[in-house]
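The values are calculated or read from the model by the stated rules, or taken from the named source; none is laboratory data. Since we're looking at a predicted model, the values are computed, not measured. In this analysis, Cβ positions are derived from the backbone assuming ideal geometry, glycine residues included, and neighbour counts consider all displayed protein chains. These area figures cover heavy atoms from the full protein model, side chains too; ligands, DNA and RNA do not enter into them. Shrake-Rupley method; radii C 1.70, N 1.55, O 1.52, S 1.80 Å.
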Amino acid sequence: MVLPSALTRRSREARADWQTVAMAQRVVFHIGLMKSGTTFIQGRLNANRARLADQQVLFPGPTWNRHVRAVADLMQSKNRNPGSWNSLVEEVNEYDGTAVVSMEYLAPMGGPRISVLRDAFPETEVRVVATVRDLGRSVPAMWQEAIKNRRTWEWPAYVHAIEKGGDAGHRFWRQQHAGKIVRRWSSVVGPDHTYVVTVPPPGAPAGLLWDRFCEVAGIRPDTWDDAPRANESLGAASTLVVRELNLATQDLSLQAYKKRVKALAKHVMGGHRGEEDPIGFTVPAWLRQESDKIGAQLRNGGAHIVGDLADLTPVDVPGVDPTTVDARAQLEASVAALAGLLRQVGQVRRVS
């Protein structure tokens, strides 16, 4: 007869033996940066979970929101779901292969939380991947993203703050200063485990960013399914309309804002982009100088460079200055948004 205590001991020993066999060989953390093709990479990973599994690559699911919740918990965000991070860590540590986690909110995370992340995988190789895009394209993309997340900064004030300082500028550089972000991460995980993947310039072959990411993650070539387009960019007029909505709906709770205004911008207004002028931006000399400094930091920091640092040379973005968009264009964008919303309401009613 086996006593309960002996059963418990044997169970622990068996579990320990199993854990030494089933252990992630590598975990790849794609930390962003924001607006550097993150949605594209996340969407493709999410759409090809089964094909990745055939290569012994785990992209934790069932959807990418699992990564969002885990990172929010790790960062001890106000509205986190406690236990989400530990759940993800447990699944990764029990996987016999490579695991990939992708969440751009990781990029600006501080050293102490990075250490918590690293220590969660003591027996596993940790690779950190920062995808980085040139600052010329990043500035208008980040302003638009800020507006879609309830900010009300006017375009000239936003650009001025990036140069001279202020809340908008601080937030921009916290999320986009690749030199500081890569140095902070590499100081914890080591330069040999830190990778900078440059986003190809306009006109580069389609899929090149994905190929570079796969090179770091150890993903072999395959026939990949494309994910539905998400987080569509807005035209200049629609961005201004969303800014006005932000000013007019400040009484809404954050949850209500996300379900109404942000959802409208993300799922409806993006469809009108082809009918509008995009946000244009001519790279000023001071931004080129800052880009040169960041490039030198990346070159001398010891991290692996996948791609070419020349890809990070800022390029002018064709389009219009948002301050020149007239009321007529904004009215057309508003009507298009309302029409799109009414069509969605009609579809929901027909289904119900």
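Descriptive notes on the structure:
- Listed by first and then second residue, the pairs with beta-carbon distance under 7 Å, at least 6 apart or on different chains, first residue in region 292-308 and touching a residue at least 12 places away in the same chain (Cβ under 8 Å) and acidic (Asp, Glu), second open to solvent by less than 80 Å² (accessible area, probe 1.4 Å) and part of a strand (DSSP E or B), are Asp308/Thr198.
- Scanning region 19-40 for residues that are touching a Gly at 6+ places or on another chain (Cβ under 7 Å) and open to solvent by 60 Å² or more (accessible area, probe 1.4 Å) yields a total of 1.
- Out of Gly43, Gly61, sole residue that is open to solvent by less than 40 Å² (accessible area, probe 1.4 Å) and either at pLDDT below 95 or in a loop (DSSP other than H, G, I, E, B) (or both): Gly61
- Some residue of region 246-258 being in contact with a strand residue (DSSP E or B) (Cβ under 9 Å, 6 or more places away or on another chain) and either open to solvent by 40 Å² or more (accessible area, probe 1.4 Å) or more than 26 Å from Ala120 (Cβ to Cβ) (or both): no
- Number of positions in region 305-321 that are over 20 Å from the mean Cα position of the chain (by Cα) and either of a type in the set (Gly, Ala, Ser) or over 25 Å from Gly203 (Cβ atoms) (or both): 2
- Some residue of region 340-352 being open to solvent by less than 30 Å² (accessible area, probe 1.4 Å), farther than 23 Å from Tyr195 by Cα and free of Cβ contacts under 8 Å to residues at least 12 places away in the same chain: yes
- Looking across region 64-76, the residues that are surrounded by 13 or more Cβ atoms within 10 Å (Cβ to Cβ) and not charged (D, E, K, R) come down to Trp64, His67, Val68, Ala70, Val71, Ala72, Leu74, Met75.
- Number of residues in region 211-222 that are surrounded by fewer than 18 Cβ atoms within 10 Å (Cβ to Cβ) and in contact (Cβ under 8 Å) with a residue 60 or more places away in the chain: the value is 4.
- Condition met for Gly97 (touching a Ser or Thr at 6+ places or on another chain (Cβ under 9 Å) and surrounded by 13 or more Cβ atoms within 10 Å (Cβ to Cβ)): no
- Scan of region 32-56 for residues that are over 14 Å from Val100 (Cβ atoms) and of a type in the set (Val, Ile, Thr), ordered by number: Thr39
- Matching option when the condition is closer than 24 Å to Pro278 by Cβ and among the β-branched types (Val, Ile, Thr), among Val159, Val188, Val182, Val197: Val159
- The condition of being of a type outside the set (S, T, N, Q), open to solvent by less than 10 Å² (accessible area, probe 1.4 Å) and closer than 27 Å to Ser253 by Cα holds for Ile147.
- Selection within region 114-128 - under 18 Å from the mean Cα position of the chain (by Cα) and either more than 22 Å from Ser87 (Cα to Cα) or open to solvent by 10 Å² or more (accessible area, probe 1.4 Å) (or both): Arg127
- Residues (under 17 Å from Tyr105 (Cα atoms), more than 18 Å from the chain's Cα centre (by Cα) and free of Cβ contacts under 8 Å to residues at least 40 places away in the same chain) located in region 170-199: His170
- Taking helices (runs of 4 or more DSSP H) as the structural unit, those lying wholly within region 88-174 and holding at least 1 residues that are more than 29 Å from Pro200 (Cβ to Cβ) and β-branched (Val, Ile, Thr) correspond to 111-119.
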